[in-house]
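These notes concern the structure reproduced below.
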Amino acid sequence: MAEYRFLATALAELEDAMDWYAARSATALKRFAEDVESTLATIETSPNQYPLVDDRHRQAILKKFPYFIAFRMIGKHPLIVTIRHTSRDKKPFEG
């Protein structure tokens with residue numbers, strides 16, 4: 001299994017999203033966290049199932065929430081470069 005890693009900015013984006021859902025309800029936070037964890041688990045085991053969105057980044061869309069996880073491979077390890085709401089600015093990914 002390829003262990004994923006986060007850029008600091010991606011981890012901060014995840015924390016911001018979790019804080020937002022936590023402020024709404026514990027149930028929303030739990031469901032969001034489960035969706036993220038499930039998607040990260042699939043990225044770990046089957047990263048190539050996700051489409052390339054540029055020459056090196058792949059994008060995994062969460063199943064139940066309007067967020068996506070963009071990542072690229074560093075050797076056998078997925079590097080999570082951003083976790084964004086789907087309505088956010090579509091600027092290029094850093095990292």
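The values are calculated or read from the model by the stated rules, or taken from the named source; none is laboratory data. On a predicted model such as this, the values are computed, not experimentally measured, just so you know. Cβ placement follows ideal geometry from the backbone for every residue including glycine, while neighbour counts extend to all protein chains displayed.
Among the numbered conditions (1) assigned to a loop (DSSP other than H, G, I, E, B); (2) of a type outside the set (D, E, K, R); (3) surrounded by 11 or more Cβ atoms within 10 Å (Cβ to Cβ), the only one that residue 87 does not meet is (3). Remark: residue 72 falls outside the filter, which requires a residue to be at pLDDT 95 or above and assigned to a helix (DSSP H, G or I).
Pairs linking a residue in segment 9-30 that is assigned to a helix (DSSP H, G or I) to a residue that is surrounded by 11 or more Cβ atoms within 10 Å (Cβ to Cβ) and of a type in the set (Gly, Ala, Ser), with Cβ atoms under 7 Å and 6 or more positions apart or on different chains, are 18/33; 21/28; 29/22. Being touching a Ser or Thr at 6+ places or on another chain (Cβ under 7 Å) and more than 13 Å from residue 80 (Cβ to Cβ) is a description that applies to residue 66. Can you tell me which residue in segment 34-66 is nearest to the chain's Cα centre (by Cα), limited to those that are assigned to a strand (DSSP E or B) and more than 17 Å from residue 7 (Cα to Cα)? Checking each candidate, the answer is 61.
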